[in-house]
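Peer 1: Here it is, the structure in full.
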Amino acid sequence: MDTDKRLKHTPSLPGDGSHLLALFDSPYQFFWLLTTEGTLVEANRISLAFAAVGREEVVWRPFWETPWWGSDASVREQLRQATDLAAEGEPIRYEVEIWGAEGQVLTLDFTLRPYREAGGEITLLIAEGRDLTESRDAQHTLEASERKYVTVLNALDEGIVLQDRDRRIGAINDSARRILAIDPESPQLRGEVPFEWRALAKDEQELPPDRHPTTLSLTTGMPQRAVVGVRHGSDIRWIDVTTRPLSNEDEASPYAVLTSFSDVTELRQQREMLQHQAQHDGLTNLPNRKSFFDALQEATNDSGGRYGVMYLDLDGFKDVNDTLGHAAGDQLLIRFARRLERCVRPNDLVARLAGDEFAVLLRRVKSAKNAVRIAERILTQAHAPFSLSDGRAIVSTSIGIAVGNHQDDPERVVRDADFALRHAKTSGKDRYAIFDETLSRDQEIQHRTAADLKRALPDGQLEIHYQPLVDAKSKGVVGAEALMRWRHPERGMVPPVDFIGVAEQTGEIVAMEGWLIQAALAQLETWSELKPDFRLSINLSARQLEQPDFPKKFNAMLVESGVVPENVVLEITETYAMQRPREVSPLLHALADLGVTLAIDDFGTGYSNLGHLQHLPFRIVKIDRSFLQNVPDDKRNFALVRTIIAMAQALELDVVAEGVETKTQSEFLYWEGVNWLQGFHFSKPLPPEDFAVQYLTAPEVKT
Ligand code: C2E
Ligand code: MG
Ligand code: MG
């Protein structure tokens with residue numbers, strides 16, 4: 001029937017057909033020959049094998065009804081339509097899946113095209129299928145892995161750009177686009193035109209092209225690393241860039257360059273902040289001690305010239321802290337820091353070393369004169385009142401100046417300036433002092449004194465002299481003050497002013513005074529037998545008072561000596577008592593509780609108001625001898641002494657006047673109401689034997 005009809009139409013293969021058959025048996029391609037109606041007339045071996053059918057089972061059947069097409073009706077219909085089209089002369093190409101005998105599926109690149117006889121008549125249709133599955137899989141894998149890498153690359157914070165030697169972009173990730181601020185529409189991104197980004201040097205100037213890391217890697221063939229800036233509008237971001245040239249082994253010059261970089265702007269800012277914090281004082285924001293010494297070292301390395309060091313601190317800063325509070329104190333320090341900065345030259349460095357201690361490095365000074373001009377400016381500036389949120393503060397400053405050059409040890413120059421500062425303080429504050437030859441000599445003597453003092457106590461070089469204390473009315477000797485003496489093996493008798501301060505600094509004073517206390521108490525015990533009411537004054541240094549458990553230790557000595565505590569007077573300087581009234585108070589009360597009498601020594605030199613001391617257990621005020629100079633002729637001193645006496649009386653304190661040198665003074669003080677007198681007018685301090693002979697065994701009184 002139909003089959004026969006179709007047969008008739010079966011064309012003969014062109015030529016002997018062998019070449020076609022050869023193709024037909026390709027192991028890689030599926031081939032089918034169809035009639036123009038779509039009847040299968042031939043199928044090659046691989047297709048038959050794939051479907052596991054014999055040729056006879058499939059030929060002469062409509063192609064779309066053969067087993068290759070599975071069960072999907074739409075696939076069959078598509079194929080039927082495709083044959084129709086091909087028969088009309090139109091080649092068809094599409095992808096289609098074919099089914100194998102065991103259910104395996106292949107994707108074919110399937111074409112169906114007409115075969116024309118020489119006359120143009122279409123006599124056959126050739127169906128051809130190339131297996132896509134394998135290459136497709138390979139492509140899928142490739143695409144998938146590429147996608148994976150792109151995903152990974154884009155997830156990186158690090159920017160990555162691959163460029164060929166002409167700078168055209170081969171690959172770039174999202175971070176790179178963002179960090180380098182590249183317009184997403186830019187043709188550079190597609191590698192169409194060369195891509196060059198502008199890098200800024202540390203000074204924010206653009207790097208010349210030949211210094212650009214990309215260029216350097218391409219020209220030198222070496223990896224490069226740099227931190228450079230990239231402009232983002234008005235902003236600059238800092239990036240840490242590494243460029244790696246890529247080259248073939250046999251080629252000298254790189255064919256590409258791989259640039260990777262990360263944005264380190266925040267890191268840099270953090271580092272800068274940390275660096276700033278490490279070098280600056282948190283309160284005043286001035287450079288701190290460390291940066292001061294660093295700058296000083298630098299100034300020393302500069303062999304060009306001399307530099308000045310100023311060491312300064314505020315006089316009366318403690319008062320501000322005590323009266324107005326620490327917040328006000330902090331505020332004052334900040335304000336003072338700003339004033340200091342205004343006093344120096346732009347090149348100089350103002351630093352805060354600690355508390356109210358500041359230092360100024362004066363770079364390149366010709367002589368101390370330059371420093372003096374600046375010091376004078378600072379003194380004036382410090383005088384202007386500071387209006388703080390908790391009140392007004394008036395302070396002054398003391399300044400020590402030293403000049404050094406590249407040969408000097410900078411630490412030493414600072415010590416010299418510090419020494420000069422202490423000199424300025426002891427000579428009355430609110431002034432500057434230059435470390436000159438005189439001070440240098442003083443310093444040397446002090447160093448020597450400090451060294452020699454170590455031997456003073458063990459070698460028995462210490463002695464005690466006693467100066468009589470006289471009743472102002474009767475002029476009878478009622479007691480004495482024990483004063484330390486040092487008989488130096490070479491220097492002879494060294495006065496206390498020359499060694500007490502040094503001993504306080506080295507701490508030697510503690511043992512020395514311990515010795516004095518014991519010896520003086522023993523002396524008092526002996527003298528008490530001659531004169532039961534005899535009083536003995538002992539001076540106590542700050543160091544001694546700050547010994548832990550001093551009252552307890554003192555009491556032990558007191559008990560051991562057997563003296564009547566009321567006969568012992570402990571002298572404490574006004575300066576010490578005023579230093580920390582709150583902390584000093586319990587200590588003084590503990591001492592007073594032992595039954596001894598407390599006297600405030602050198603009163604008037606600490607500029608304190610007696611009223612401030614009224615909560616402290618003092619019973620005696622000793623007016624400093626400086627106030628007796630030229631009294632009563634000196635009207636100012638005269639007035640001061642009268643005021644002190646009046647105030648002391650109001651507070652029910654007994655008054656001792658020290659340094660009484662004349663009879664007039666003695667009379668005047670008596671009339672003003674002073675209780676006891678002490679001074680050269682009556683006697684110099686004496687060795688104990690002389691004292692006993694003159695005032696105890698045969699009392700002798702001068703009027
Ligand atoms: P100070 O406690 O005020 O002792 C009185 C000082 O004034 C003594 O000086 C005494 O010699 C001196 N002086 C007494 N009358 C007159 C006078 O009419 N005119 C003059 N110009 N001076 C007079 P000295 O013995 O040189 O002692 C000086 C200072 O050394 C003492 O002053 C005291 O602060 C300190 N000092 C002495 N021994 C000790 C001690 O054992 N411990 C402590 N911490 N300091 C001591
Ligand atoms: Mg004294
Ligand atoms: Mg005194």
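The values are calculated or read from the model by the stated rules, or taken from the named source; none is laboratory data. All values derive from a computational prediction rather than experimental measurement. All Cβ positions, glycine included, derive from the backbone under ideal geometry; neighbour counts span all protein chains shown.
Peer 1: If you check F603, F638, F627, which single one turns out to be within 16 Å of ligand 3 (Cβ to nearest atom), out of contact with any Asp or Glu (no Cβ under 6 Å at 6 or more places or on another chain) and of a type outside the set (A, V, I, L, M)?
Peer 2: Working: F603 fails: out of contact with any Asp or Glu (no Cβ under 6 Å at 6 or more places or on another chain); F638 fails: within 16 Å of ligand 3 (Cβ to nearest atom).
Matching residue, one of F603, F638, F627: F627.
Peer 1: Residues N301, N285, N347, N321: which one is in contact with a helix residue (DSSP H, G or I) (Cβ under 9 Å, 6 or more places away or on another chain) and surrounded by fewer than 17 Cβ atoms within 10 Å (Cβ to Cβ)?
Peer 2: Exactly one of N301, N285, N347, N321 is in contact with a helix residue (DSSP H, G or I) (Cβ under 9 Å, 6 or more places away or on another chain) and surrounded by fewer than 17 Cβ atoms within 10 Å (Cβ to Cβ), namely N285.
Peer 1: Which of the residues spanning region 567-623 are under 44 Å from the mean Cα position of the chain (by Cα), over 18 Å from Q547 (Cα atoms) and hydroxyl-bearing (S, T, Y)?
Peer 2: Matches in region 567-623: T605, Y607, S608.
Peer 1: Which residues, taken from region 460-477, are in contact (Cβ under 8 Å) with a residue 40 or more places away in the chain and crowded, with 16+ Cβ neighbours inside 10 Å?
Peer 2: L462, I464, H465, Y466, Q467, P468, L469, V470, A472, V477
Peer 1: Further, regarding this structure: Just one of the numbered conditions (1) more than 16 Å from ligand 2 (Cβ to nearest atom); (2) surrounded by fewer than 21 Cβ atoms within 10 Å (Cβ to Cβ); (3) within 30 Å of Q544 (Cα to Cα); (4) within 55 Å of the chain's Cα centre (by Cα) is not true of D690; which one?
Peer 2: Among (1) more than 16 Å from ligand 2 (Cβ to nearest atom); (2) surrounded by fewer than 21 Cβ atoms within 10 Å (Cβ to Cβ); (3) within 30 Å of Q544 (Cα to Cα); (4) within 55 Å of the chain's Cα centre (by Cα), the lone unmet condition for D690 is (4).
Peer 1: Only residues that are at pLDDT below 80 and among the charged types (D, E, K, R): list them for region 117-168, please.
Peer 2: E134, R136, D137, E143, E146, R147, K148
Peer 1: Please pick out the residue among D408, D390 that is acidic (D, E), farther than 20 Å from R335 by Cβ, surrounded by 13 or more Cβ atoms within 10 Å (Cβ to Cβ) and at pLDDT below 95.
Peer 2: Step by step, each of D408, D390 is checked, and only D408 is acidic (D, E), farther than 20 Å from R335 by Cβ, surrounded by 13 or more Cβ atoms within 10 Å (Cβ to Cβ) and at pLDDT below 95.
Peer 1: Any residue at all in region 64-72 that is surrounded by 19 or more Cβ atoms within 10 Å (Cβ to Cβ) and in a strand (DSSP E or B)?
Peer 2: Checking region 64-72: not a single residue is surrounded by 19 or more Cβ atoms within 10 Å (Cβ to Cβ) and in a strand (DSSP E or B).
Peer 1: Within the set of pairs 6 or more residues apart or between chains, which connect a residue that is within 15 Å of ligand 2 (Cβ to nearest atom) inside region 496-516 to a residue that is among the hydroxyl-bearing types (S, T, Y) with Cβ atoms less than 7 Å apart?
Peer 2: E504/S541; I509/S541; E513/S541
Peer 1: I'd like the full set of residues that are of a type in the set (G, A, S) and surrounded by fewer than 19 Cβ atoms within 10 Å (Cβ to Cβ), limited to region 491-509.
Peer 2: Pass one, region 491-509, residues of a type in the set (G, A, S): 492, 501, 503, 507.
Residues satisfying the conditions are G492, G501, G507.
Peer 1: Here is a follow-up. Just one of A472, A480, A456, A450 is of a type in the set (G, A, S), closer than 30 Å to E667 by Cα and more than 16 Å from ligand 3 (Cβ to nearest atom); which is it?
Peer 2: From the options A472, A480, A456, A450, the qualifying one is A472.
Peer 1: Continuing with the same structure: In region 517-542, what residues are of a type in the set (S, T, Y) and away from ligand 2 (no atom under 16 Å from the Cβ)?
Peer 2: We begin by selecting, within region 517-542, every residue of a type in the set (S, T, Y); these are 526, 528, 537, 541.
Hits for region 517-542 are T526, S528.
Listed here are the residues, each with its yes/no results for (1) in contact with a helix residue (DSSP H, G or I) (Cβ under 8 Å, 6 or more places away or on another chain); (2) β-branched (V, I, T); (3) farther than 20 Å from Y115 by Cβ; (4) not in a helix (DSSP H, G or I).
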{"position": "E37", "(1), (2), (3), (4)": "yes, no, no, yes"}
{"position": "S74", "(1), (2), (3), (4)": "no, no, yes, no"}
{"position": "Q78", "(1), (2), (3), (4)": "no, no, yes, no"}
{"position": "Q81", "(1), (2), (3), (4)": "no, no, no, no"}
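Peer 1: Separate question: Can you confirm whether I645 is within 18 Å of P551 (Cβ to Cβ) and either polar (S, T, N, Q) or in contact with an Asp or Glu (Cβ under 8 Å, 6 or more places away or on another chain) (or both)?
Peer 2: No; evaluated as a whole, the condition is false for this residue.
Peer 1: Which of (1) assigned to a helix (DSSP H, G or I); (2) in contact with a strand residue (DSSP E or B) (Cβ under 8 Å, 6 or more places away or on another chain); (3) touching a residue at least 40 places away in the same chain (Cβ under 8 Å); (4) not β-branched (V, I, T) does A648 not meet, given it meets every other one?
Peer 2: Just one mismatch for A648, condition (3).
Peer 1: Give the number of residues within region 230-247 that are of a type in the set (S, T, N, Q), over 13 Å from S260 (Cβ atoms) and touching a Ser or Thr at 6+ places or on another chain (Cβ under 9 Å).
Peer 2: 1
Peer 1: Now for a separate question. Take L545 and tell me if it is within 16 Å of ligand 2 (Cβ to nearest atom), crowded, with 18+ Cβ neighbours inside 10 Å and either of a type in the set (A, V, I, L, M, F, W, C) or over 22 Å from I500 (Cβ atoms) (or both).
Peer 2: So L545 fits the description; yes.
Peer 1: Answer yes or no as to whether R619 is away from ligand 3 (no atom under 14 Å from the Cβ), of a type in the set (D, E, K, R) and closer than 20 Å to E566 by Cα.
Peer 2: Yes: the conditions hold for R619.
Peer 1: Hey, among A456, A482, which residue is within 16 Å of ligand 2 (Cβ to nearest atom) and either surrounded by 16 or more Cβ atoms within 10 Å (Cβ to Cβ) or more than 25 Å from F550 (Cα to Cα) (or both)?
Peer 2: A482
Peer 1: Same structure again: Among the numbered criteria (1) at pLDDT 95 or above; (2) within 25 Å of R487 (Cα to Cα); (3) within 16 Å of ligand 1 (Cβ to nearest atom), which one does T506 miss?
Peer 2: Unmet condition: (1).
Peer 1: Please determine whether any residue of region 282-292 is in a helix (DSSP H, G or I) and among the small types (G, A, S). Walk me through it before giving the result.
Peer 2: Start the filter on region 282-292 by keeping residues that are in a helix (DSSP H, G or I), which leaves 289-292.
Adding the requirement that they be among the small types (G, A, S) leaves 291.
Scanning region 282-292 turns up at least one residue that is in a helix (DSSP H, G or I) and among the small types (G, A, S).
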